[in-house]
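Just below is one structure, and these are the notes that go with it.
Each reported figure results from applying straightforward, stated rules to the coordinates on display, with no laboratory input. Predicted model, so just to flag it, every value in this text is computed and none were measured. Here Cβ is always computed from backbone atoms with ideal geometry, including for glycine, and neighbour counts include all displayed protein chains.
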Amino acid sequence: MTKTPPLALLLAMLLPATGLAQTSPFLTDDLQRTLVNEISGDRSFEHLRQLTRYHRTGPGRDFWAAVEYIRSSAEDAGLEDVKVIRQAWDGRPWSCAFGEAWLLGPEPVKLADFDEVAVSIADHSRTTHVRAGLVDVGSGTTAGDYEGIEVEGRVVLAAGGPAAVMREAVWQRGALGVVSYASNRLQPFDAPDQVAWTRIPYEAKGVSGVEDGTPGTFGIMVSPRRGRWLQERLAAAGEPIEIQVDIEAEHGGPREQGMVEAWIRGREIHDQQIVLLSHIQEEKTSANDNGSGCANMLEIGRALARLVREGKIPRPRRDIRFWWVNELSSQPQYFRDHPETPGKMLIALNQDMVGARQSWGGRVQYASRLPWSLPHALDDVLESVLGTIRDGNTSYLANRGTGQPQPFLKEVRAVKGSREPFHARMVPYFDSTDHHSFTPRHIGVPGASLTNWPDQWIHSSADDLENVDPTQLERNAVVVAAVAHYFAALENDDVPALAAYMAARGRARVAGDAATAVAHLARARGEDRARAWPEAAALVRETHAREERALASLGPLDPAGRTAEIVAAARRQLQESRRAEALGLEQAYVALTGAPPPAPEPDETARAMTRTVYAPSGDATELGRSLRKIEAPSGLHPLMEFEILNFADGQRTAWEIYEAVAAEALSAGDWYYGTVTPARVQAVLDSAVKAGALEIH
């Protein structure tokens, strides 16, 4: 039996001989060169060009056309076992064949044309042929907007979203339909010429005085600037101006959704799959969101398959599984249909908005860390690889004195792309995209996403090809391909080095959180310091506990136990660090207040929470449905609600759940996750029990 080398020696073996700058222990120079030479942002952009032709709203005619394009392209890329998977879906398929709206007087002006700007016809608009007066109702979302205005038999012009205006104007007051200049931007004047992508309700449900099932009519979308122009025309006329609307649309076809699946089959291990995913459905054009992710998946698949086929990289040990999905819907349905599947998955990597021209709007390519309830080596590998590609494509002042290439040391650039730098960083866990379907406790697959933000073009007519930079497509594709390849190819002998790296990075994380705990005390004033003390102390405890769980996640990768000595040593170091950081925090409190930290004085809420343990109820299928019924208290960040449910594992008391979630929120900052209180945690737990998602032990 070979003795495991000391941790320092392992790290030395792990790091490339060329030094630390622009390098990753998980991406050798040779492999990086191979990936960069093969992966093409220009090829990805050509797929994107095709996908933007489809108004791929879920799932109508164009959605299925996009599915077929992806399926065919995945086969052409050399991926294996490519197929379309049809699934149950509780939505309504909608397709539009024709749609126009004209203002008829005093001279005709075209307001909307589906073939020109698909989002100008709100999704779920019914076939319509009307000629009627147009009246201005202001916002149009409340009863007060209609005082003294006759809308029955007319079309209303409104600043509010068409769903709310449909309720007030059409269903409750007899209007024929809606022309809306609502915006998806926080401030419409930030993008006065964007036409928002939106939808009207398929039918009425729970509308006062309206029979459930009453169908919606139509919504015409115009830009805020055009909406104000219409307001001015109506005000000058002093009476309704005639409008004509003609729409041909249908809600036909089966109520089902689809996803495309493809593989690069591993040579050895088939129950530790590397899942790459992106979502298909969005509005027409919709280049960055999320044509970019779908296109990059096709290019990553083509590149890796070709490199394997030509022997430039070995066939990976583990399967790489590609999923193009209906956003946040295909995966939960697949897991319901195949509950054994998550147990065969090692990690999931999502791409959603990965092509942004970053100089437009100051966008940054963010990568999500894992939630504290599900720590894993994925965090460290992704951050390392992302940092390598970022630093190799960022210009630094001191580099001028090294004699190395300028402005970028290891440039990744598409032929037809920009030469802009790569602004990228890891941030605490975020949701709102497809990796979030993997990380709930009842699924338990570590999942991360690359997503750019802020985005002033999302869900509007402005998210088109000019919004996307082939260079940024290529850089993100290299990051994802490198991380996927690392885990897919990981050999048993490589796991000790990974463990040593994780242990070192873990020590840096707990030190950072200890500093945050001290800062939390320092920011507090007067009596607030006594209340801040247990929160700071809990952060020190919980950050160390998270790192211990992260080390435990190596188990499936280390069947022979090669990391046992390293993990044991790392755990001892964590225990020593926990004692040292706790003492340092106590000393900081004394220095700040002149008194020792207060002894715990739990109130009745805290005492009750220490006596109650919560555990998941039922199987994974039932749990997934029950989770949707939970009502969270106001003021609680949705991701902290998510973590409350994840930490309810049948072992922790309600108070321990509170401490874990509050520590995670404190580590990120109240500007990121807000504030977590015992009362809010208890409210979520109570609601989860009522919904049948949790049970009390």
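Of note:
- For segment 603-697, the fraction of C-alpha pairs farther apart than 17 angstrom is 44 percent.
- On the principal axes of its alpha carbon atoms, segment 114-270 extends 76, 39, 27 Å, with the longest extent given first.
- Cross-link partners of Lys83 among lysines, defined as those whose alpha carbon lies under 25 angstrom from its own and excluding same-chain residues fewer than eight positions apart: Lys284, Lys344.
- Spin-label model, Arg607 to Asp528: label points 7 Å out along the Cα-to-beta-carbon direction sit 2.9 nm apart.
- Fraction of alpha-carbon pairs over 17 Å apart in segment 535-597 - percent: 50 percent
- Over segment 296-380, the alpha carbon radius of gyration divided by the compact-protein estimate 2.2 N^0.38 Å works out to 1.35.
- Value of relative contact order over segment 603-697, rounded to a whole percent, pairs C-alpha under 8 Å and six or more apart: 46 percent
- Label-point separation, Glu107 to Ala560 (7 Å along Cα→Cβ), nm: 8.2 nm
- Packing-based ranking, highest mean first, of 571-584, 438-451 given that Cβ atoms within 10 Å are counted: 438-451, 571-584
- Span-like helix check, the chain: qualifying full DSSP H segments, with Cα axial length of 30 Å or more and mean Kyte-Doolittle of -1.0 or more, are 495-523, 528-552, 564-593.
- All lysines inside 17 Å of Lys690 as judged from Cα atoms, apart from same-chain residues fewer than 8 positions distant: Lys629
- In a DSSP loop and with at most 14 other Cβ atoms within 10 Å, the trypsin sites (Lys or Arg not before Pro) in segment 619-697 are Arg628, Lys629.
- Charge context of Pro371, other residues only, Cβ under 9 angstrom, K/R +1, D/E -1: -1
- At R0 = 51 Å, FRET efficiency that the Cβ-Cβ distance of Asn492 and Val590 yields, to 0.05: 0.55
- Checking every one of the GluC sites (Glu not before Pro) in segment 601-688 against DSSP loop status and a limit of 14 other Cβ atoms within 10 Å picks out Glu631.
- Taking the DSSP bridge list for the chain and keeping only pairs wholly inside it, about 60 percent are antiparallel.
- Normalised convex hull volume, segment 406-504, alpha-carbon set, Å³ per residue: 172 Å³
- Annotation for Ser395 and Lys205: the two label points, set 7 Å from Cα along the Cα-Cβ direction, are 5.4 nm apart.
- Share of Cα-Cα pairs in the chain lying beyond 42 Å, as whole percent: 35 percent
- Maximal additional length on extending the Arg306-Trp453 stretch stands at 49.7 nm, based on 0.36 nm per residue less the C-alpha distance.
- When the helices of the chain are scored as -39500 (n - 2.57) per DSSP H run of n ≥ 4 and the total is divided over every residue, the value at 222 nm lands at -12500 deg cm²/dmol.
- Segment Ser72-Lys690, extension gain: residue separation times 0.36 nm, minus the distance between their alpha carbons: 217.8 nm
- A DSSP coil position with no more than 13 other Cβ atoms inside 10 Å describes the following GluC sites (Glu not before Pro) in segment 160-213: Glu211.
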